[in-house]
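The structure is given below, and queries will be raised subsequently.
The values are calculated or read from the model by the stated rules, or taken from the named source; none is laboratory data. Not measured: the values here are computed from a predicted model. Quick reminder, even Gly has a Cβ in these numbers, built from the backbone with ideal geometry, and neighbours come from all protein chains shown.
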Ligand SMILES: [Zn+2]
């Protein structure tokens with residue numbers, strides 16, 4: 001409190017004759033602003049902090065809150081109260097060619113989805129998938145052996161069995177209890193017999209799963225090794241989602257590029273005292289990859305390194321047992337189309353297509369970023385990305401690998417025939 005008070009005093013001093021607007025004054029200013037746009041602008045000139053003369057700052061200093069830099073070293077407040085980031089939706093005047101891609105150029109396998117197929121949704125799903133040119137959808141939420149059996153029995157009873165596949169899951173709580181590994185491996189083996197073609201690990205391993213003594217179950221704990229060994233023996237890939245985007249582990253402040261998302265969704269805030277850090281979780285997962293070279297891993301969400309492709313490149317160079325998947329990171333690829341294109345060309349055998357959430361209207365944004373050279377277009381979720389997307393214009397050979405060839409190699413249980421050469 002004391003510190004805040006001193007900061008306020010310092011700012012008021014720095015502002016010289018400027019004065020702070022109360023929320024009420026700001027609202028009045030906004031109302032006035034609407035009627036005074038051609039007038040004298042008194043609200044800003046007299047009442048706005050940093051108005052008219054502005055605020056001088058030194059080299060390396062930042063403009064005070066509510067002001068923006070108008071000339072080197074000089075900050076000024078807008079004449080009218082600024083809109084919130086929720087309400088500011090400027091319409092672009094840029095006219096550039098647009099090439100929406102409702103249907104992918106080649107057949108697609110979505111290696112990261114969570115849609116359970118039932119009699120209630122199967123016909124609509126197949127219709128939507130056909131329109132997108134998605135040939136196979138992999139449901140990573142298969143569950144244990146029994147749940148996998150039920151899902152596969154249903155799928156095999158339909159004419160669409162080849163359009164869907166299922167991964168199994170393991171429950172990670174109390175992994176230190178006697179006999180846990182034997183039971184988990186036995187269930188996984190049965191799940192594969194029942195039709196599962198891989199193992200999916202959700203972010204709860206590392207974030208929420210607990211040992212019997214209440215401590216956090218770490219991703220690289222050697223007691224989990226029998227599971228990784230079993231996946232190598234069963235020749236199934238392990239797709240693992242560890243942690244969350246980097247900024248979910250940073251405080252919710254004006255520097256956080258996921259501010260809106262974190263302010264909207266409380267459960268995405270991972271920066272409470274005692275929480276593991278982003279780097280701790282990355283370290284655990286990356287050591288686990290390295291310690292199990294015979295197990296094939298699919299790093300979900302680009303391992304959350306899509307914002308640092310240099311780091312991901314080093315990791316892929318070091319770990320031949322690793323590929324990555326594109327779920328929920330399009331906003332990072334689309335804001336660096338040249339670096340992303342170079343990455344996709346260099347690592348064209350190491351990237352699988354995946355999206356994560358089923359929403360048929362969102363897939364065409366992926367096709368457009370991958371396939372076109374379009375510029376400055378919107379992403380589908382404002383709160384993910386405050387920026388525009390650009391296309392990567394990937395060549396056909398790379399698209400084929402991304403859309404289906406790499407998945408077919410990494411996941412032998414996928415339907416093998418009928419793919420274009
Ligand atoms: Zn997922």
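Out of everything in the range 91-116 that is closer than 28 Å to residue 410 by Cα and more than 16 Å from the ligand (Cβ to nearest atom), what residue ends up being surrounded by the most Cβ atoms within 10 Å (Cβ to Cβ)?
Within the range 91-116, the first condition is being closer than 28 Å to residue 410 by Cα, and the residues that meet it are 101-116.
In the following step, the residues that additionally are more than 16 Å from the ligand (Cβ to nearest atom) were identified as 101-108.
Details: 101: 20, 102: 13, 103: 13, 104: 22, 105: 15, 106: 17, 107: 17, 108: 25.
Applying the filter and picking the extreme gives 108.
Please go through the range 223-253 and pick out each residue that is out of contact with any strand residue (DSSP E or B) (no Cβ under 7 Å at 6 or more places or on another chain) and either more than 23 Å from residue 191 (Cβ to Cβ) or within 16 Å of the ligand (Cβ to nearest atom) (or both).
Answer for the range 223-253, where residues must be out of contact with any strand residue (DSSP E or B) (no Cβ under 7 Å at 6 or more places or on another chain) and either more than 23 Å from residue 191 (Cβ to Cβ) or within 16 Å of the ligand (Cβ to nearest atom) (or both): 242, 243, 244, 245, 246, 247, 248, 249, 250, 251, 252, 253.
Out of (1) at pLDDT below 95; (2) over 29 Å from residue 358 (Cβ atoms), the odd one out for residue 86 is which?
(2)
To continue, here is another question. Which condition number in (1) within 16 Å of the ligand (Cβ to nearest atom); (2) closer than 22 Å to residue 411 by Cα is the one that residue 172 fails?
Checking residue 172 against (1) within 16 Å of the ligand (Cβ to nearest atom); (2) closer than 22 Å to residue 411 by Cα, the one that fails is (2).
Would you tally the residues in the range 301-329 being farther than 15 Å from residue 282 by Cα, in contact with a helix residue (DSSP H, G or I) (Cβ under 6 Å, 6 or more places away or on another chain) and more than 15 Å from the ligand (Cβ to nearest atom)?
Count: 1.
Answer yes if at least one residue in the range 142-160 is under 28 Å from the mean Cα position of the chain (by Cα) and within 18 Å of residue 356 (Cβ to Cβ), and no otherwise.
Start the filter on the range 142-160 by keeping residues that are under 28 Å from the mean Cα position of the chain (by Cα), which leaves 142-144, 147-148, 151.
Applying the additional criterion that residues be within 18 Å of residue 356 (Cβ to Cβ) yields 142-143.
Checking the range 142-160: at least one residue is under 28 Å from the mean Cα position of the chain (by Cα) and within 18 Å of residue 356 (Cβ to Cβ).
Pairs, please: C-beta under 6 Å, at least 6 apart or cross-chain, first residue in contact (Cβ under 8 Å) with a residue 12 or more places away in the chain and within 13 Å of residue 227 (Cβ to Cβ) and in the range 191-202, second within 16 Å of the ligand (Cβ to nearest atom) and part of a strand (DSSP E or B)?
Sorted first by the residue in the range 191-202, then by its partner, the pairs are 191/168; 199/168; 199/238; 200/239; 201/240.
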